[in-house]
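Inspection log for the structure reproduced underneath, given as C-alpha coordinates.
The values are calculated or read from the model by the stated rules, or taken from the named source; none is laboratory data. Fair warning: this is a prediction, and the values are worked out from it, not measured in the lab. Quick reminder, even Gly has a Cβ in these numbers, built from the backbone with ideal geometry, and neighbours come from all protein chains shown. Side chains are part of the model used for accessible areas, which takes the heavy atoms of the whole protein and leaves out ligands, DNA and RNA. Shrake-Rupley method; radii C 1.70, N 1.55, O 1.52, S 1.80 Å.
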Amino acid sequence: VKNNVRVIMINLTYSCNVNCKYCYQKEKHRKIREKLTTESIERIKKTVCSINSVLSGEPLEEPQIKYIDISGGEALLPENLPAIQKIAEEFSNSEITIMTNGINLKRIWKELPLENITSFQISLDGVKEVHEELSGMGEKCNYDDIVDGIEYVLREGYEVKRWFISSDTNQTCI
(Lines give C-alpha, C1' and ligand atoms only; values in the text may rest on other atoms or scores of the structure.)
Protein backbone atom coordinates (compact mmCIF):
# COMPACT_ATOMS: atom_id res chain seq x y z
CA VAL A 1 0.00 0.00 0.00
CA LYS A 2 2.93 2.38 0.63
CA ASN A 3 3.68 2.57 -3.12
CA ASN A 4 0.10 3.39 -4.08
CA VAL A 5 -1.02 6.65 -5.58
CA ARG A 6 -2.28 8.54 -2.51
CA VAL A 7 -3.02 12.04 -3.86
CA ILE A 8 -4.85 13.11 -7.00
CA MET A 9 -5.89 16.45 -8.41
CA ILE A 10 -9.11 16.56 -10.37
CA ASN A 11 -9.51 19.53 -12.68
CA LEU A 12 -13.26 19.98 -13.22
CA THR A 13 -13.20 22.62 -15.94
CA TYR A 14 -11.21 25.37 -17.61
CA SER A 15 -14.13 27.79 -17.19
CA CYS A 16 -13.77 30.59 -14.67
CA ASN A 17 -15.75 33.55 -13.38
CA VAL A 18 -12.75 35.93 -13.26
CA ASN A 19 -10.02 36.94 -15.68
CA CYS A 20 -6.87 37.02 -13.55
CA LYS A 21 -3.96 38.77 -15.22
CA TYR A 22 -1.52 36.01 -14.26
CA CYS A 23 -3.70 32.99 -15.11
CA TYR A 24 -1.90 30.35 -17.14
CA GLN A 25 -5.21 28.76 -18.17
CA LYS A 26 -6.72 31.89 -19.79
CA GLU A 27 -6.30 30.72 -23.35
CA LYS A 28 -7.54 27.22 -22.52
CA HIS A 29 -10.63 28.48 -20.74
CA ARG A 30 -11.55 30.62 -23.73
CA LYS A 31 -11.14 27.69 -26.13
CA ILE A 32 -12.13 24.63 -24.09
CA ARG A 33 -15.63 24.69 -22.67
CA GLU A 34 -15.88 21.07 -21.61
CA LYS A 35 -16.32 20.09 -17.99
CA LEU A 36 -15.81 16.84 -16.14
CA THR A 37 -18.87 14.61 -16.17
CA THR A 38 -20.02 12.19 -13.50
CA GLU A 39 -19.17 9.35 -15.93
CA SER A 40 -15.62 10.69 -16.18
CA ILE A 41 -15.33 10.58 -12.40
CA GLU A 42 -16.40 6.92 -12.39
CA ARG A 43 -13.65 6.24 -14.97
CA ILE A 44 -11.10 8.11 -12.83
CA LYS A 45 -12.00 5.90 -9.87
CA LYS A 46 -11.64 2.72 -11.94
CA THR A 47 -8.32 3.90 -13.37
CA VAL A 48 -6.90 4.76 -9.93
CA CYS A 49 -8.12 1.39 -8.60
CA SER A 50 -6.37 -0.37 -11.48
CA ILE A 51 -3.12 1.56 -10.97
CA ASN A 52 -3.13 0.95 -7.22
CA SER A 53 -3.95 -2.74 -7.73
CA VAL A 54 -0.86 -3.08 -9.92
CA LEU A 55 1.31 -1.09 -7.51
CA SER A 56 0.16 -3.04 -4.46
CA GLY A 57 0.19 -6.42 -6.18
CA GLU A 58 -3.35 -7.21 -5.04
CA PRO A 59 -6.81 -6.52 -6.46
CA LEU A 60 -8.48 -3.49 -4.89
CA GLU A 61 -12.17 -2.61 -4.86
CA GLU A 62 -11.56 0.92 -3.60
CA PRO A 63 -8.91 3.31 -4.92
CA GLN A 64 -7.34 4.04 -1.49
CA ILE A 65 -6.72 7.71 -2.25
CA LYS A 66 -5.91 9.72 0.87
CA TYR A 67 -6.19 13.24 -0.56
CA ILE A 68 -8.04 14.80 -3.47
CA ASP A 69 -7.59 18.37 -4.64
CA ILE A 70 -10.50 19.64 -6.72
CA SER A 71 -9.61 22.53 -8.99
CA GLY A 72 -10.45 24.19 -12.25
CA GLY A 73 -10.57 26.97 -13.89
CA GLU A 74 -12.95 27.70 -11.04
CA ALA A 75 -14.12 24.63 -9.10
CA LEU A 76 -17.08 26.32 -7.41
CA LEU A 77 -19.05 27.28 -10.48
CA PRO A 78 -22.65 26.12 -9.91
CA GLU A 79 -22.50 23.78 -12.91
CA ASN A 80 -19.65 21.87 -11.21
CA LEU A 81 -21.70 20.87 -8.15
CA PRO A 82 -22.84 17.49 -9.58
CA ALA A 83 -19.21 16.57 -10.29
CA ILE A 84 -18.07 17.64 -6.80
CA GLN A 85 -20.87 15.59 -5.24
CA LYS A 86 -19.94 12.59 -7.41
CA ILE A 87 -16.26 12.85 -6.38
CA ALA A 88 -17.31 12.87 -2.71
CA GLU A 89 -19.50 9.82 -3.33
CA GLU A 90 -16.92 7.80 -5.32
CA PHE A 91 -13.99 8.72 -3.03
CA SER A 92 -15.86 8.74 0.27
CA ASN A 93 -12.79 7.77 2.33
CA SER A 94 -10.65 10.58 0.93
CA GLU A 95 -9.97 14.02 2.36
CA ILE A 96 -11.02 16.66 -0.17
CA THR A 97 -9.61 20.15 -0.65
CA ILE A 98 -11.51 22.56 -2.87
CA MET A 99 -9.32 25.09 -4.69
CA THR A 100 -11.37 28.20 -5.43
CA ASN A 101 -11.31 31.93 -5.96
CA GLY A 102 -13.99 32.05 -3.24
CA ILE A 103 -16.50 34.21 -5.09
CA ASN A 104 -19.32 31.61 -5.02
CA LEU A 105 -18.37 29.96 -1.74
CA LYS A 106 -21.14 31.24 0.53
CA ARG A 107 -23.75 31.08 -2.25
CA ILE A 108 -23.35 27.34 -2.80
CA TRP A 109 -22.14 26.30 0.67
CA LYS A 110 -25.22 24.25 1.58
CA GLU A 111 -24.99 22.27 -1.67
CA LEU A 112 -21.43 21.08 -1.06
CA PRO A 113 -20.73 17.56 0.29
CA LEU A 114 -19.25 19.02 3.46
CA GLU A 115 -18.80 15.68 5.22
CA ASN A 116 -15.98 14.85 2.74
CA ILE A 117 -14.35 18.27 2.48
CA THR A 118 -11.54 19.00 4.93
CA SER A 119 -10.20 22.28 3.59
CA PHE A 120 -10.51 25.10 1.10
CA GLN A 121 -7.64 26.71 -0.77
CA ILE A 122 -8.82 30.23 -1.56
CA SER A 123 -7.08 32.75 -3.82
CA LEU A 124 -6.58 36.18 -2.31
CA ASP A 125 -3.87 38.19 -4.02
CA GLY A 126 -3.48 41.11 -1.63
CA VAL A 127 -5.45 43.99 -0.21
CA LYS A 128 -8.74 44.90 -1.88
CA GLU A 129 -7.39 47.29 -4.53
CA VAL A 130 -4.54 44.99 -5.54
CA HIS A 131 -6.73 41.88 -5.62
CA GLU A 132 -9.30 43.66 -7.76
CA GLU A 133 -6.60 44.80 -10.18
CA LEU A 134 -5.04 41.34 -10.51
CA SER A 135 -8.44 39.68 -10.93
CA GLY A 136 -8.96 41.57 -14.17
CA MET A 137 -12.50 42.24 -12.96
CA GLY A 138 -12.09 45.32 -10.77
CA GLU A 139 -14.85 45.67 -8.19
CA LYS A 140 -16.82 42.88 -9.91
CA CYS A 141 -14.42 40.32 -8.39
CA ASN A 142 -16.39 40.62 -5.10
CA TYR A 143 -13.41 40.97 -2.77
CA ASP A 144 -15.68 41.51 0.23
CA ASP A 145 -17.63 38.33 -0.61
CA ILE A 146 -14.36 36.40 -0.75
CA VAL A 147 -13.24 37.69 2.66
CA ASP A 148 -16.72 36.99 4.11
CA GLY A 149 -16.50 33.48 2.66
CA ILE A 150 -13.11 32.86 4.25
CA GLU A 151 -14.39 34.02 7.63
CA TYR A 152 -17.52 31.86 7.23
CA VAL A 153 -15.51 28.74 6.37
CA LEU A 154 -13.26 29.29 9.38
CA ARG A 155 -16.29 29.72 11.68
CA GLU A 156 -17.68 26.46 10.32
CA GLY A 157 -14.49 24.72 11.46
CA TYR A 158 -12.79 24.10 8.12
CA GLU A 159 -9.18 24.75 7.32
CA VAL A 160 -8.48 27.59 4.89
CA LYS A 161 -5.27 27.69 2.90
CA ARG A 162 -4.73 31.12 1.41
CA TRP A 163 -3.35 30.98 -2.09
CA PHE A 164 -1.75 33.83 -3.97
CA ILE A 165 0.49 34.46 -6.92
CA SER A 166 3.33 36.80 -6.00
CA SER A 167 4.01 39.56 -8.51
CA ASP A 168 5.42 43.06 -8.67
CA THR A 169 1.86 44.32 -8.20
CA ASN A 170 1.23 42.65 -4.84
CA GLN A 171 4.59 41.86 -3.28
CA THR A 172 4.34 44.71 -0.76
CA CYS A 173 0.88 43.76 0.53
CA ILE A 174 0.80 39.98 0.78
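Can you go through E79, E95, E133, E139 and tell me which one is open to solvent by 70 Å² or more (accessible area, probe 1.4 Å), modelled with pLDDT of 90 or more and of a type in the set (D, E)?
Numbers: E95 fails: open to solvent by 70 Å² or more (accessible area, probe 1.4 Å); E133 fails: modelled with pLDDT of 90 or more; E139 fails: modelled with pLDDT of 90 or more.
Going through E79, E95, E133, E139 in turn, just one is open to solvent by 70 Å² or more (accessible area, probe 1.4 Å), modelled with pLDDT of 90 or more and of a type in the set (D, E): E79.
When the residues of the stretch 69-99 are narrowed to those that are in a helix (DSSP H, G or I) and within 20 Å of Y158 (Cα to Cα), which ends up nearest to the chain's Cα centre (by Cα)?
Restricting attention to the stretch 69-99, the residues satisfying the condition of being in a helix (DSSP H, G or I) are 78-90.
Keeping just the survivors that are within 20 Å of Y158 (Cα to Cα) gives 81, 84-85, 87-89.
Values: L81: 11, I84: 9, Q85: 13, I87: 12, A88: 13, E89: 16 Å.
Applying the filter and picking the extreme gives I84.
Counting just the residues of the stretch 38-68 that are surrounded by 17 or more Cβ atoms within 10 Å (Cβ to Cβ) and under 14 Å from I10 (Cα atoms), which one comes out nearest to the chain's Cα centre (by Cα)?
Ranking the qualifying residues of the stretch 38-68, first place goes to I68.
Open to solvent by less than 30 Å² (accessible area, probe 1.4 Å), under 25 Å from E89 (Cα atoms), within 18 Å of the chain's Cα centre (by Cα) and at pLDDT below 95: is that true of L105 in this structure?
Yes.
Condition (residue is of a type in the set (S, T, N, Q) and part of a loop (DSSP other than H, G, I, E, B)) applied to the stretch 40-51: is it met by at least one residue?
To start, the set of residues in the stretch 40-51 that are of a type in the set (S, T, N, Q) comprises 40, 47, 50.
Remaining after also requiring part of a loop (DSSP other than H, G, I, E, B): none.
For the stretch 40-51, residues of a type in the set (S, T, N, Q) and part of a loop (DSSP other than H, G, I, E, B): absent.
With respect to R30, is the statement that it is at pLDDT below 90, part of a helix (DSSP H, G or I) and open to solvent by 40 Å² or more (accessible area, probe 1.4 Å) true? Before you say what the answer is, go through the steps one by one.
On the way: at pLDDT below 90: yes; part of a helix (DSSP H, G or I): yes; open to solvent by 40 Å² or more (accessible area, probe 1.4 Å): yes.
Yes: the conditions hold for R30.
Based on this model, can you work out whether K161 counts as modelled with pLDDT under 95, within 28 Å of I87 (Cα to Cα) and not in a helix (DSSP H, G or I)? Even if it seems obvious, please write down each step before you answer.
Values: modelled with pLDDT under 95: yes; within 28 Å of I87 (Cα to Cα): yes; not in a helix (DSSP H, G or I): yes.
It is true that K161 is modelled with pLDDT under 95, within 28 Å of I87 (Cα to Cα) and not in a helix (DSSP H, G or I).
Applying the selection to the stretch 142-163, what residues are more than 14 Å from I108 (Cα to Cα) and either among the charged types (D, E, K, R) or without any contact (Cβ under 8 Å) to a residue 12 or more places away in the chain (or both)? If you could, list the steps in order and put the result at the bottom.
From the stretch 142-163, those more than 14 Å from I108 (Cα to Cα) are 142-144, 147, 151, 154-163; that's our starting set.
Answer for the stretch 142-163, where residues must be more than 14 Å from I108 (Cα to Cα) and either among the charged types (D, E, K, R) or without any contact (Cβ under 8 Å) to a residue 12 or more places away in the chain (or both): D144, E151, L154, R155, E156, G157, E159, K161, R162.
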